Amino acid sequence: MIFSLFFKLLLAAASAQAPATLKQAYELALRHSESIAASEQSIKEAEALYRRALGGAGPELSFRTAADWEDEQGSRLSPSSQSGLRLAKTDLTGYRELAAVRAAKADENRKGQLRRRAEQLLLGDVAGAFFGLLQARENVDATKRLIELADQRRTELRERVRVGRNREADVVGQDFQAAALRSQLEESTRQAEARTDLLSYLVHGPFGEPTAPAPAPTAARPLEDYLARVETRPDLRAAAEGVREADQLVRSEQAGRLPRVGAQANLYSHRPASLKDNRWDASLTLGLPLWSWGEVTASVDAARARAGRQELELQSLRRLAQLEVRNAYRDLASARRQLELRRQAVELAEKDHDLQDRDEKRGLVPALEGLESLHRLNGARLSYNNALLAVRLASINLDVASGAEGGEVELLK
């Protein structure tokens, strides 16, 4: 018993500390997401490649030692050795090295932008699970209230059957309605448990009772504001960095037609006796490419084709992003209008149920009318919850489609 009590206390403490708001869930998901962590590793890889490009642009400092054997007096071998420091750079064009460094930097920036976009898309996943859970819990509460109302009505009907004011079939009809409501409650409970598990998966831990955020503003900003923000979307910026990287790779391939310089300097710590007075030497070479059988031209053409493809992908992504914003804006506007209509429908259904219940008690309408009014009220409340979910998700989708950062999303504030 002591262990059971201790376990319950631990569960209560974990539940009290579990996230309950969309903002808390999103922050935890960001912290523990494997996809975000993988993006971080991609950025680190790009940073390392950028440093490698920087290092490759400079000369190499090395310590070298060499030994030679020469034939003297027939079969006699005379060893000769030397060692020292060497500073060398070969095939230097300057143009190629600078382009390679810029291309590596563009790739690093591209992967950083892709990480930001992954964070924005993660918000859509978390919001879908969070608001789905919120809707399922709201459906559970609404159905429980209707079941209580149905049970109360069934008790009244049985009393009226006893005194001969209603038929036994009216009670059976009410029992059928209550059974249907309990079936609906079971489904809503299943959905709530599934959404709770999904949120726990996303945040890597338990999730508490969801707290509904403030409703989204009734009037969205003008469509032009969202379209203007599209250019800041991280995936568009990543595509633009891809274009810059491809352009630099074209320049790098074009450097194959330029003269190449090689430089080398040696500082010896040990040399043969015949050369011991020469402690250092240096050399400079200049090469001018004349003919490579079309290799350089083919490499340049391939790089240009890759750059052209990147530019077309950027244009396509920009048009797609604008379409996504327009669709999301239209969906949000429609969802808000639907929510207002569903709210009015709930008010009318509640009023209809009250009037039907009053008239039935007065004997003005049959019990069947009361059952139908309860059914209409149930459908109206479920439809309202669905419409509310649609508004919340459409608001998040519009922010994600336009490239809003987490702090700019209304439902996270």
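Take the Cα of E313, go 7 Å toward its beta carbon, and the backbone nitrogen atoms of the range 240-282 under 13 Å from that spot belong to 240-247.
By the rule of a C-alpha distance below 12 Å, with chain neighbours fewer than 8 residues away ignored, the aspartates and glutamates paired with K105 are E45, E47, E241, E245.
Coordinate range of the alpha-carbon atoms in the range 202-320 per principal axis, descending: 92, 43, 24 Å. Normalised by 2.2 N^0.38 Å, where N is the number of residues, the alpha-carbon radius of gyration of the range 45-152 equals 2.67.
Every pair of different Cα atoms in the range 239-290 enters the Kirkwood calculation, which places the hydrodynamic radius at 14.8 Å.
The calculated 222 nm mean residue ellipticity attributable to helices in the chain amounts to -25000 deg cm²/dmol, summing -39500 (n - 2.57) over DSSP H runs of n ≥ 4 and dividing by all residues. Across the chain, the relative contact order, built from alpha-carbon pairs under 8 Å that are at least six residues apart, equals 24 percent. The portion of the accessible surface of the chain made up by carbon and sulfur, rounded to a whole percent, is 55 (1.4 Å probe; DNA, RNA and ligands excluded). Among L398, L133, L258, the residue with the largest mean-square fluctuation in a Gaussian network model of the chain, with springs joining Cα atoms closer than 10 Å, is L258.
Calculated from the structure at hand, percent of Cα pairs over 41 Å apart is found among (i) 50; (ii) 13; (iii) 28 as (i). Candidate cross-link partners of K276 among the aspartates and glutamates, defined by an alpha-carbon separation under 19 Å and a same-chain spacing of 8 or more, comprise D68, E70. Be a star and scan the range 136-156 for residues whose amide nitrogen sits under 17 Å from the point 7 Å along the Cα-to-Cβ vector of E186. Of the residues in the range 136-156, 140, 143-144, 147 have backbone N under 17 Å from the label point off E186.
Shape verdict for the range 167-246, please, from the Cα gyration tensor: rounded (a/c under 1.5), prolate (a/b greater than b/c) or oblate.
prolate
Return the inverse of the average 1/r over all pairs of distinct C-alpha atoms in the range 251-348, which is the Kirkwood hydrodynamic radius, in Å to one decimal.
Computed over the range 251-348, the radius equals 21.1 Å.
Other residues within the sphere of radius under 14 Å centred on the Cβ of L290, judged by their own Cβ, net out at +1 (K and R +1, D and E -1). When the chain is treated as a Gaussian network with alpha carbon springs shorter than 10 Å, the biggest mean-square fluctuation among R182, R279, R318 belongs to R279.
Mean-square fluctuations from a GNM of the chain, with a 10 angstrom spring cutoff on Cα atoms, peak among T65, T189, T143 at T65. Each other residue within a Cβ distance under 12 Å of A302 adds +1 if Lys or Arg and -1 if Asp or Glu, for a net charge of 0. If you take all other residues with their beta carbon under 15 Å from the beta carbon of S269, and give Lys and Arg +1 and Asp and Glu -1, the sum is +3.
The values are calculated or read from the model by the stated rules, or taken from the named source; none is laboratory data. Keep in mind it's a predicted model, so treat the numbers as computed, not measured. Heads up, the Cβs are rebuilt from the backbone with ideal geometry, glycines too, and the neighbour counts pull from every protein chain shown. Areas reflect the complete protein model, heavy atoms only, side chains present, ligands, DNA and RNA absent. Shrake-Rupley method; radii C 1.70, N 1.55, O 1.52, S 1.80 Å.
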